[in-house]
Structure formats: structure tokens, C-alpha cells
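Since the structure comes first, as C-alpha cells, the remarks are kept for the end.
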Amino acid sequence: MEQSALLKNVSHLSLEPNPVLIEHAKQRAESMQNQIADKITAFSGSMWFVYIHIIWFASWISFGVEKYPYGLLTMIVSLEAIFLSTFVMISQNRADEKRQVIADQQWQTVKEEDKQNEQLLELSNQILELTRAIHKYTSPQASTASSGKA
């Protein structure tokens with residue numbers, strides 16, 4: 001309920017994806033290994049994966065494929081867990097790569113903004129010097145001194 005209210009509050013905002021992440025996803029999609037890992041990770045993190053395993057375990061036990069303590073089933077599940085943990089690490093590495101891409105882009109932006117700030121500060125100092133020079137020549141002391149000479 002809370003989440004839908006939040007979505008209503010921000011629905012007017014245009015949530016445009018970060019162009020750097022789009023480019024990163026395109027580069028990642030070029031590798032067949034990454035495509036396979038992404039598909040396996042997406043499927044193993046879904047409810048369909050859970051449902052299939054519930055049906056598989058229930059069928060294995062109810063049809064008596066093997067007797068208790070289910071040594072083969074335990075071995076299969078252990079091997080599956082090993083592979084799934086690897087895919088979890090792959091997914092975490094992918095998330096770390098995304099964070100690094102964003103951090104690199106933000107650092108580049110900070111450097112550009114710092115350069116712009118230095119330029120603005122230099123312009124502000126030049127304007128200040130020009131303003132002081134104008135005040136020096138237009139101040140009452142300057143105008144009386146120049147009128148006394150004439």
C-alpha cells in the first residue's frame with residue numbers, strides 16, 4: 001500500500017536511465033558469456049525457480065526416486081547451490097561494475113564542475129577588479145581632483 005502511494009507521488013517525474021549505464025549494458029550484452037550468466041541469474045532469482053524446485057522436490061520424494069536420506073538429491077542440490085552461489089557472485093560483480101561506471105562518471109562531472117568553478121572565480125575576480133577601477137575613477141575624490149586641474 002505504501003509503495004503504490006509513493007509511486008503515485010513520483011509518477012510525474014521522468015525517470016530517464018543513466019546514459020552511461022545504457023552504454024555499459026550494451027557493452028556487456030556483446031559477450032555471450034555475460035548474456036548466459038544474466039539469463040541464469042534472472043531465472044534463478046525468480047519465483048518460477050522456487051516453484052519448479054518445490055514441484056521437483058515433492059515429486060522426487062513422493063514418487064520414491066530414492067529412499068531416505070536422499071543422497072543423490074542432496075548431491076544434486078549441493079552442486080546446484082555451488083553453481084548458484086557462483087552466479088550470485090557474478091551478479092554482485094555486475095552490480096559493482098555498474099556502481100564503478102557511475103562513480104567514474106560522477107568523478108568526471110566533479111572535475112569538470114571544479115574547472116568551471118575555477119573559471120567562474122577567475123571571472124568574478126576580474127569583474128571585481130574592473131568594478132574597483134571604475135569606482136576609483138568615478139569616486140567623488142577622483143572627480144574633484146580632476147576638476148581642480150582644469
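Given +1 on the Cβ of Lys and Arg, -1 on the Cβ of Asp and Glu, and no further charges, what dipole in debye does region 26-141 carry about its Cα centre, rounded to the nearest 20?
Numbers: 11 positive and 13 negative charges, 36 e Å.
Roughly 180 debye for region 26-141.
Placing unit charges on the Cβ atoms of the charged side chains and taking the dipole of region 13-150 about its Cα centre, the candidate lying farthest along the positive direction among S139, V101, Q116 is S139.
For region 9-88, chymotrypsin sites (Phe, Trp or Tyr not before Pro) meeting the loop criterion (DSSP other than H, G, I, E, B) and having at most 14 other Cβ atoms within 10 Å: F63.
Once a ≥ b ≥ c are taken as the square roots of the eigenvalues of the Cα gyration tensor of region 51-104, is the result rounded (a/c under 1.5), prolate (a/b larger than b/c) or oblate (a/b not larger than b/c)? Since a/c reaches 1.5 and a/b is larger than b/c, the shape of region 51-104 is classed as prolate.
Please state the relative contact order of region 14-150 as a whole percent: Cα pairs under 8 Å, 6+ residues apart? The partial results should precede the final answer.
Working: 25 pairs, mean separation 44.6, N = 137.
The value is 33 percent.
Per atom type, region 95-135 shows carbon and sulfur on 56% of its accessible surface, probed at 1.4 Å.
DSSP loop (so not H, G, I, E, B), at most 13 other Cβ within 10 Å: list which trypsin sites (Lys or Arg not before Pro) in region 45-150 pass both filters. When the trypsin sites (Lys or Arg not before Pro) of region 45-150 are filtered for loop state and at most 13 Cβ neighbours within 10 Å, K67 remain.
Multiplying the residue separation of Q116 and A29 by 0.36 nm and removing their Cα-Cα distance gives an extension gain of 27.8 nm.
The values are calculated or read from the model by the stated rules, or taken from the named source; none is laboratory data. What you see is a predicted model, and the numbers here were worked out from it, not measured in a lab. As a convention, Cβ positions derive from the backbone with ideal geometry for all residues, glycine included, and neighbour counts pool all protein chains shown. In case anyone asks, the SASA skips ligands and DNA or RNA and just uses the protein heavy atoms, side chains included. Shrake-Rupley method; radii C 1.70, N 1.55, O 1.52, S 1.80 Å.
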